[in-house]
1. On C-alpha positions alone, give me the angle between the axis of helix 134-147 and the longest principal axis of the chain, in degrees, nearest 10.
2. Please give the direction-averaged projected area of the C-alpha convex hull for segment 68-132, in square nanometres with one decimal.
3. What distance in nm lies between label points placed 7 Å from Cα along the C-beta direction at Lys155 and Asn253?
4. Let me know the Kirkwood hydrodynamic radius for segment 212-268, please, with Cα pairs as the basis and the value in Å to one decimal.
5. Suppose the chain between Ala261 and Asp95 were pulled fully straight at 0.36 nm per residue; how much longer would it get relative to their current alpha carbon spacing?
6. If I model segment 129-214 as equal point scatterers sitting on the Cα atoms and use the Debye formula, what is log10 I(q)/I(0) at q = 0.19, 0.21, 0.22 Å⁻¹?
7. Less than 19 Å from a label point 7 Å out along the Cα-to-Cβ axis of Asp205: which backbone N atoms in segment 155-183 qualify, by residue?
8. Using label points projected 7 Å from each Cα along Cα→Cβ, tell me how many nm separate Ile198 and Leu116, to one decimal.
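No lab work stands behind these numbers, since they all come straight from the coordinates. Quick caveat, the model's predicted, so the values are computed rather than measured. As a convention, Cβ positions derive from the backbone with ideal geometry for all residues, glycine included, and neighbour counts pool all protein chains shown.
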Amino acid sequence: MIRPEVKTTSGNVHEELPLRMETRGLSVFYGKKAGVREVSLPIYNNRVTALIGPSGCGKTTFLRALNRMHDLTPIARVTGEALLDGQNIYERGVDPVEIRRRVGMVFQKPNPFPTLSVYDNVVSGLKLVGIRHKGLLDEAVERSLTQAALWDEVKDRLRAPSMSLSGGQQQRLCIARALAVQPEVLLMDEPTSALDPISTQSIEDLMSELKKHVTIVIVTHNMQQAARVSDFTGYFLTGELVEFGPTNQIFTNPKDPRTEAYITGRFG
Ligand SMILES: Nc1ncnc2c1ncn2[C@@H]1O[C@H](COP(=O)(O)OP(=O)(O)OP(=O)(O)O)[C@@H](O)[C@H]1O
């Protein structure tokens, strides 16, 4: 699907890019209260999209709607559309498990399976779908760990417990585990907020490589991080998408005064 143009504030055509996902009028309700309201947002293929905004503005709620994670929360209800390659993932008959394979997720705190080895963590998703062939699993382990920039550090201890890795390595292991099933999109919910600055940098460096293989959506509290790693940025406030555009434009020339107040630190 081709989105014809992305306009900058000056009205110039910025880029012509294919879409990987897109939401149309997407709302998420917790009971009667809306966590996000009527969000329409393009997610461009092989680009990093950052979602920023103050605490409680709905960033995580929106992110979780992109791979039907809210199905697992009884109180939550989603309305509107989330398209993946043009198909609404909320349409009747769509298998949420398959959606979560195609749209993977990495969480704030590294959460490797603690009782499994490095190797078994990476192949866990593949084994779930019945892949047992050792050659295939070995290949997936090397490919995924390489993509997650962890292979060189762990190739001699693939059978070591995952908990023997450092926090930053554990997070890259979780990224490798998500990549092993070859998702089209990777959702990252504040993936570096529990990490030290060096591990944070290694994950940020990794993202520019990763986006060659996978489309990334990242929620971050850290505006500098959004500016460093993303191509597009959406600013959320009280459950609404205030502004979306090329990251450069959002940070240098925001259209909406509320975005400007936030990025210049005058928020609240
Ligand atoms: N499981 C839930 N049940 C009820 N309300 C929820 C639930 N999860 C989130 N909310 C509410 O939805 C709104 C948006 O929350 P959300 O966690 O998406 O914000 P956020 O921008 O990711 O915040 P933060 O940056 O603090 O993580 C908040 O008002 C929150 O209290």
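1. Result, in degrees: 40.
2. Mean projected area for segment 68-132: 6.3 nm², to one decimal.
3. Here the answer is 4.6 nm between the modelled labels.
4. 11.8 Å is the Kirkwood radius here.
5. Between Ala261 and Asp95, full extension yields 55.6 nm more.
6. These q points yield log10 I(q)/I(0) values of -0.88, -1.06, -1.15.
7. Only 155-156, 166-176 fall inside the zone, counting backbone N under 19 Å.
8. It is 2.8 nm.
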